Amino acid sequence: MSDTPLSRRALITRGVVGVAGLAAASRAVGAAERHLVHPVSAHDPSLSATVGRVTRGSIDPMAFLEHFEYGTISRLPDGRTLREYRINAVDREIEVAPGVMYPAWTYNGQVPGPTLRATEGDLVRVEFTNAGTHAHTMHFHGIHAARMDGVYEVVHPGQSFTYEFTAKPAGLQVYHCHAVPLKRHIAKGLYGTFIIDPRVPRPPAREMVMVLNGFDTNFDGSNEVYAANTIPFAYHHQPIPVKKGELQRIYMVNILEFDLINSMHMHGNFFTLYRTGSVQPSEFTDTVMFCQGERHILEFTYEDTGQFMFHAHQSEFAELGWMGVFNVVDGEATA
Amino acid sequence: MTTRQWPWGLLPLALLAGLVVLVTQTGLLDRLRGDFPPVEQLTVTRTVLSPEQITLHLVNGGPDPVTVAQVVVDEAFWAFTIEPSNTVPRLGRATITIPYPWVEYEAHNVMLLTSTGLTFEHEIPLAVATPTTAGSLGVFTMIGVYVGVLPVVIGLLFLPLLRRLSREWFEFMLALTAGLLIFLGVDALHEAIELSAEVAPAFQGVPLVLLGVMGTWLLLQMVAGPRTRVEGAAGRFSVAWLVALGIGLHNFGEGLAIGSAYAVGEAALGAFLVVGFMLHNTTEGIAIVAPVAQDRPRIGTLLGMGALAGIPTIFGAWLGGTAFSPLMASLFLAIGVGAIVQVVVALFRMFGCAGQGVWRPSTAGGVLAGLVVMYVTGLLVA
């Protein structure tokens, strides 16, 4: 088109197409939650996302973001804290992009599984029941006995197994199914975050958990959908409210299958990185790479209000759903 | 068959109807189908690129309805609208409009993600704006005139030469015509079958080509066949008109292919290509006049034959450039092949008239020469 002189007719046509494009775009995106101005061209950032909203997902991404399961707490004779959790593996169809259903395998009916949280030195007891159709296990990252490792003690459908270990070391761990074939069992949704708080608590902060995952909806060995917390563009369609000046802490776990690496890039800010949830900061950066199974704690504070994007710096992953926005506001933040 | 015989056909028909009701209404069908997920099949029949917009025309050629949930362009989820509905019924159609800043002369990939998570990919190998009807009819008319009308008319001008030939050389020219047409027919059939691979499975590309070829041939055989068997000039004129019609139908398909290739930017119609087509198609003019070379046809008749053979190229180019679909193109190419088959059969009957069998040095050599001429001129358009 560049070498074609713009005739009067072409200009008129272009105008009509522009209006039609605008109408189509606003219908597609919906005016509701997005903060962006009405699309005026095909370059409008709001066009680059899924169309519609997930209504049959297994989690509410806003609720999941800040929800931690501390278990049923009791005191042992030796004074230690016992935390008991019940986890069931169940098959469930979940919506992984608006209108796209996926036959997931889940812990407690949700993907990611519940975010389990304990303090270093606690006795953790997880009663695991396999209510699914394939054999599953729970394999926790951490330091524990071999028989509690969830690899060779295969739990067949209808069977149960109780995992018991002392929560250590302090940091950000992950749990996932280790039944074979391993890749399929993880990819289909059997994973979750396991936080072990240090005995000396971290400074007070607003805390969030983000599990970086994806879904291979056509089972061709590559992901069609990427996300932080399962639902693509969830925090883009509904930005995460952040209070200006308040310390933010993200527990970020990469459990993506098929793609060797993932990443997190934050706009307009830098974060302090605590590798594997260590208490020692290791980096001050705005982009960090995650291998499969890698997880880090990110701490940051926004000193300016406005919309700040965060996403994988693999642009492909970002445009296929792993992208969100922090909406930094003055004073009390509300969703 | 009298009316009293018809009822005998009713019993098996009634039984068949009963069986259909039994299978569909009693749940037997569900048991046959089992608990398998639906079979999904979507085919993009046409892509339209306009400023900052990609429009895809789809057909569901599979056995089950398909719901398009999301659209991914170049590995990015993208806003889109789909008309009339996200769910495309069996054999139904839909149009997807995507406001997308596509890049001229570069490749793009559109992937449709269905409600079951299946994906259908569509390549745009070279993005150029799809010509709008009003803006480009002139260009397509020019293409049609240069590669269709003018070469055929020039070919007609071989008439005075043909008239002065001895009987053997005239037979040679008739046989040459048959060779040209056989080459054209095989070439077009190949193209039709190749294109039919892109047709939605429900529309059965190759059987459709067969239907086009056989249908056209048999129809022409039935309608025009008897006239070509008339002895003398009247029969020869009928053959000439049929040759013109057959070539016309063929050129329509050829125009369709050229127009669509031009429209999607696949064919840079350089001077060389146009010249090649001109040489190639000039031979078609010879084919038309050869049967009537000794009959002193009037100028008006000749022009009529030339128009019948050449002008369809223009219409084909228009249609191909503005509303191309693989289904339509392979069907029209097949129709052209059917017409050619009919003409070749009529020509062979003309060789036989001499009473010395069909294959003499003049006829066999002529057919062979026709094939060689087409092959050599075909090199120019490759």
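Each value in this text was obtained by applying a stated rule to the coordinates, not by laboratory testing. Keep in mind that what you see is a predicted model, and the values were worked out from it rather than measured. All Cβ positions, even for glycine, are placed from backbone atoms using ideal geometry, and neighbour counts span all protein chains on display.
Points to keep in mind about this one:
- Distance histogram for the range A:138-222 (every C-alpha pair counted, 10 angstrom bins, percent rounded to whole numbers): 14, 39, 31, 14, 1
- Cα-based Kirkwood hydrodynamic radius, the range B:99-214, one decimal, Å: 19.6 Å
- Globularity ratio of chain A, using Cα Rg and 2.2 N^0.38 Å: 1.10
- Just so you know, the Rg over Rh for the protein assembly as shown is 1.15, from Cα atoms, with Rh as the Kirkwood radius.
- Looking at the range A:87-131 alone, DSSP beta bridges between its own residues are antiparallel in about 75 percent of cases.
- Note, ³J(HN,Hα) from phi for the range A:136-144, Karplus 6.51, -1.76, 1.60, rounded to Hz, x at Gly and Pro: 9, 8, 10, 10, 8, 7, x, 10, 7
- Built amide H within the under 5 Å cut-off of B:Val73, gap 5+: B:Trp78, B:Met111
- Once backbone amide H atoms are built at 1.01 Å from N, A:Asp44 has no partners under 5 Å, excluding neighbours fewer than 5 places away on the same chain.
- Of B:Ile143, B:Ile288, B:Ile82, the one that fluctuates the most in a GNM where chain B has Cα springs shorter than 10 Å: B:Ile82
- Distances between placed amide hydrogens fall under 5 Å for A:Thr305 paired with no residue 5 or more residues away or on another chain.
- Peptide packing: for A:248-256, B:98-106, B:12-20, A:67-75, the average count of neighbouring Cβ atoms within 10 Å per residue gives the ranking A:248-256, B:98-106, A:67-75, B:12-20, highest mean first.
- Counting charges near B:Gln221 (Lys, Arg +1; Asp, Glu -1) among other residues having Cβ under 13 Å from its Cβ returns a value of +3.
- Dipole magnitude of the range A:233-287, debye to nearest 20 (Cβ charges: Lys/Arg +1, Asp/Glu -1, about Cα centre): 280 debye
- Over chain B, DSSP H runs of length four or greater, each weighted -39,500 (n - 2.57), average out per residue to a 222 nm ellipticity of -20000 deg cm²/dmol.
- Expressed in Å, the radius of gyration and Dmax of the Cα atoms of the range B:1-132 are 21.7, 69.
- Sparse-neighbour loop sites [GluC sites (Glu not before Pro); the range A:243-335; at most 16 other C-beta within 10 Å; DSSP]: A:Glu246, A:Glu303, A:Glu332
- Chain A, helix-only ellipticity at 222 nm - DSSP H runs n ≥ 4, -39,500 (n - 2.57), divided by all residues, nearest 500: -3500 deg cm²/dmol
- The protein assembly as shown - charge dipole about Cα centre, Lys and Arg +1 at Cβ, Asp and Glu -1, debye rounded to 20: 2480 debye
- Relative contact order computed over the range A:192-335 (Cα-Cα under 8 Å; 6+ residues apart), in percent: 29 percent
- Packing, taken as the mean count of other beta carbons within 10 Å per residue, orders the peptides B:235-245, B:327-337, A:45-55 from highest to lowest as B:327-337, B:235-245, A:45-55.
- Within straight-line reach of A:Lys168, meaning a Cα separation under 25 Å, there are no lysines at least 8 residues removed in sequence or on another chain.
- Shape call, the range A:53-99: gyration tensor on alpha carbons, a/c limit 1.5: oblate
- Highest average packing first - A:202-214, A:99-111, Cβ atoms within 10 Å: A:99-111, A:202-214
- Counting charges near B:Val152 (Lys, Arg +1; Asp, Glu -1) among other residues having Cβ under 12 Å from its Cβ returns a value of -2.
- For the range A:280-296, the Karplus equation 6.51 cos²θ - 1.76 cosθ + 1.60, evaluated at θ = phi - 60°, returns couplings of 8, x, 10, 7, 10, 8, 10, 9, 9, 9, 10, 7, 4, x, 7, 8, 9 Hz by residue, with Gly and Pro reported as x.
- Among B:Phe140, B:Leu91, B:Val128 - extreme Cα towards positive end, dipole of the range B:61-207, charges at beta-carbon: B:Phe140
- Site pair A:Asp220 and B:Val128 shows an inter-label distance of 2.8 nm when each label is modelled 7 Å from Cα along Cα→Cβ.
- Chain A: angle of helix A:8-29 to the longest principal axis, Cα-based, in degrees nearest 10: 30 degrees
- Couplings 3J(HN,Hα) for the range B:333-348, derived from phi with the Karplus relation 6.51 cos²θ - 1.76 cosθ + 1.60 (θ = phi - 60°), are 4, 5, 4, x, 5, x, 5, 5, 4, 4, 5, 4, 4, 5, 5, 4 Hz, where x marks Gly and Pro.
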